[in-house]
Amino acid sequence: MNVSEIISRNQTSKYRVAKNSGIPYMTLNDICTGKTQLGKCSAETVYKLSKELGVSMEELLTPHLAPRPSFDLFKSNVCHRLKELGDIDFLIEVLDGDDVTAYYRKSWFPECLYLLALVDYISRVNGIPLVDAYNDLRKMKLKKPVYPSGVLAKYAVLQDEGILESAEAAAIPEFMRFNIVESDVRNVV
């Protein structure tokens with residue numbers, strides 16, 4: 001749970017938390033909006049915040065200290081979750097948890113855009129309108145294409161540009177919009 005959610009759960013305001021804890025309001029606001037990562041704040045700030053919110057420092061910091069898995073592992077986990085839940089329940093889970101925004105706030109842009117591409121793809125194949133809340137994110141694009149590890153391995157061995165071009169041509173459009181080369185999200189083992 002992030003700081004904004006805890007403040008809402010405690011039915012208080014950022015202003016009140018800032019005043020009672022002695023943390024400058026702008027600092028607290030930056031933490032709540034994700035502009036400043038709590039994991040990069042001083043121990044004193046985290047301590048004051050945890051004391052005022054009535055939660056442990058560990059509870060506040062845990063989301064910020066989770067190790068980042070490899071992108072391939074992330075993709076695999078997401079695709080397995082899709083297979084396990086099915087299209088509609090997967091969409092509900094991702095949208096209710098606002099996972100796309102959570103990855104964006106962590107600055108995990110490949111993960112954020114991969115998940116958004118998958119949400120948009122599932123929406124398209126099921127005739128569901130796109131979620132307007134992500135329109136700003138849909139304008140983003142990764143600087144370099146991200147290829148599946150199997151495609152990169154084949155390219156490394158054969159040194160044939162056609163391998164990369166074929167992978168791009170076969171990619172799902174929602175993923176290519178973000179410069180992510182993904183052609184199959186359903187065939188997971």
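Nothing in this text is a laboratory measurement; each read-out follows from the coordinates by a stated rule. Here the structure is a predicted model, which is why all the values come from computation and not from measurement. Neighbour counts are summed over all protein chains in view; Cβ atoms, including those assigned to glycine, are modelled from backbone coordinates with ideal geometry.
A few points about this structure:
- Given R0 = 25 Å, the distance between the Cβ atoms of residue 156 and residue 76 translates into a calculated FRET efficiency of 0.75.
- Residues 40, 144, 75 arranged by fewest to most Cβ contacts within 10 Å: 144, 40, 75
- Ranked list, fewest to most other Cβ atoms within 10 Å of each Cβ, for 57, 176, 26: 26, 57, 176
- Checking (1) 12.8; (2) 10.3; (3) 9.6 against the coordinates, the calculated mean projected area of the Cα convex hull in nm² falls under label (1).
- Length-normalised contact order for the chain - Cα pairs under 8 Å, 6+ apart - percent: 17
- Ordering 109, 90, 178 from the fewest to the most neighbouring beta carbons within 10 Å gives 109, 90, 178.
- Rounded if a/c under 1.5, otherwise prolate or oblate - region 3-65, Cα gyration tensor axes: rounded
- Distance between region 20-60 and region 83-150 - C-alpha centres, whole angstrom: 29
- Taking Cβ atoms as reference points and 13 Å as the exclusive limit, the residues near residue 98 contribute a net charge of -2, counting Lys and Arg as +1 and Asp and Glu as -1.
- Label-point gap, in nm, between residue 132 and residue 42 - each point 7 angstrom along Cα→Cβ: 4.3
- Our helix-only sum for the chain, with -39,500 (n - 2.57) per DSSP H run of n ≥ 4 divided by its residues, gives a mean residue ellipticity at 222 nm of -18000 deg cm²/dmol.
- A simple spin-label model places the labels of residue 139 and residue 183 3.3 nm from each other, with each point 7 Å out along Cα-to-Cβ.
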